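Trainee: First the structure, which I've put down as structure tokens, then a few questions once you've had a look.
The values are calculated or read from the model by the stated rules, or taken from the named source; none is laboratory data. Everything numeric in this text was worked out from a predicted model, so none of it was measured. Here Cβ is always computed from backbone atoms with ideal geometry, including for glycine, and neighbour counts include all displayed protein chains. Heads up: the accessible areas ignore ligands, DNA and RNA and are worked out on the full protein's heavy atoms, side chains in. Shrake-Rupley method; radii C 1.70, N 1.55, O 1.52, S 1.80 Å.
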Amino acid sequence: MKKLKHLFIWGVVLFSTPLLAQAPANDNCSGSIVQPQNGTCLTGTTVNATDSWSTTGGVGCQTANNSPDVWYSFTATGTVGSWTLTNITMTGNIEFVLVIPNCASNNCTCPFLLVNSTCGPSVLNVTINTLTVGQIYHYTISSSTGSQGTFQTCLTVSNPPPAPGQ
């Protein structure tokens, strides 16, 4: 009976101890989730994420040490990128930071060159008309209040129609 009591106590302790929370797989650039460019939306989370830009003092409108962010990437198939970013449970303004790797290997180990930083309320629409076809782009999503929660990101990449007479 004493052994059964000890097993019961250990079972209660084991199953009532909270599991360590894990960061999202795309908490760092090397784990970027590839974003479809056809308007398909992805749902993401910043819960348990870290602030990738904290050592830079923040990027653009993003604030340092207060903006847990997650990473997405794509290789541009057109020159115009249009994002629709929507808070689900994340609160505050959405912080969107678009960068390109700035070295020959064109990967996450390079320093980054800032392409665009935009902040605004949900639903945030961002259009960038200067993408380079074939270039790898990375972007982060975070909250201006440091809120951790879920959001949705949708991306459409296209080429503008030719100007009249061309």
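Trainee: Report, by residue number, each residue of segment 143-165 that is of a type in the set (Gly, Ala, Ser), in contact with a Ser or Thr (Cβ under 8 Å, 6 or more places away or on another chain) and open to solvent by 10 Å² or more (accessible area, probe 1.4 Å). Give the derivation first.
Mentor: In the first step, residues of segment 143-165 are kept if they are of a type in the set (Gly, Ala, Ser); the result is 143-144, 146-147, 149, 158, 163, 165.
Those still in the list that are in contact with a Ser or Thr (Cβ under 8 Å, 6 or more places away or on another chain) too: 143-144, 146-147, 149, 158.
Residues satisfying the conditions are Ser144, Gly146, Ser147, Ser158.
Trainee: For segment 129-142: of the residues being among the aliphatic types (A, V, I, L, M) and crowded, with 19+ Cβ neighbours inside 10 Å, which is nearest to Val157 (Cα to Cα)?
Mentor: Leu131
Trainee: Would you check if Thr43 is under 15 Å from the mean Cα position of the chain (by Cα) and open to solvent by 50 Å² or more (accessible area, probe 1.4 Å)?
Mentor: So Thr43 passes the test.
Trainee: Hey, another quick one. Yes or no: Asn48 open to solvent by less than 100 Å² (accessible area, probe 1.4 Å), closer than 17 Å to Cys154 by Cβ, at pLDDT 80 or above and assigned to a loop (DSSP other than H, G, I, E, B)?
Mentor: Here the answer is no, as Asn48 does not meet what is asked.
Trainee: Oh, and also: Only one of these conditions is not met by Glu95: (1) open to solvent by 20 Å² or more (accessible area, probe 1.4 Å); (2) modelled with pLDDT under 95. Which number is it?
Mentor: (1)
Trainee: Inside segment 64-106, can you point out the residues that are assigned to a loop (DSSP other than H, G, I, E, B), without any contact (Cβ under 8 Å) to a residue 60 or more places away in the chain and under 17 Å from Ser143 (Cβ atoms)?
Mentor: Once the filter is applied, which keeps residues that are assigned to a loop (DSSP other than H, G, I, E, B), without any contact (Cβ under 8 Å) to a residue 60 or more places away in the chain and under 17 Å from Ser143 (Cβ atoms), segment 64-106 yields Ala64, Asn65, Thr91, Gly92, Asn93.
Per-residue answers, yes or no, for (1) at pLDDT 95 or above; (2) of a type in the set (A, V, I, L, M); (3) open to solvent by 40 Å² or more (accessible area, probe 1.4 Å); (4) more than 12 Å from the chain's Cα centre (by Cα):
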| site | (1), (2), (3), (4) |
| --- | --- |
| Lys3 | no, no, yes, yes |
| Val12 | no, yes, yes, yes |
| Ala21 | no, yes, yes, yes |
| Gly31 | yes, no, no, no |
| Val34 | yes, yes, yes, no |
| Cys61 | no, no, yes, yes |
| Thr89 | yes, no, yes, yes |
| Pro101 | no, no, no, yes |
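Trainee: Here is a follow-up. List every residue pair whose Cβ atoms sit under 9 Å apart, with the two residues 6 or more apart in sequence or on different chains, where the first one lies in segment 32-53 and is at positive phi and the second, anywhere, is assigned to a strand (DSSP E or B) and open to solvent by less than 30 Å² (accessible area, probe 1.4 Å).
Mentor: So the pair list comes out as Gly39/Cys154; Gly39/Leu155.
Trainee: Please verify whether Val133 is in a loop (DSSP other than H, G, I, E, B) and either touching a Gly at 6+ places or on another chain (Cβ under 7 Å) or closer than 20 Å to Val47 by Cα (or both), treating the condition exactly as stated.
Mentor: It is true that Val133 is in a loop (DSSP other than H, G, I, E, B) and either touching a Gly at 6+ places or on another chain (Cβ under 7 Å) or closer than 20 Å to Val47 by Cα (or both).
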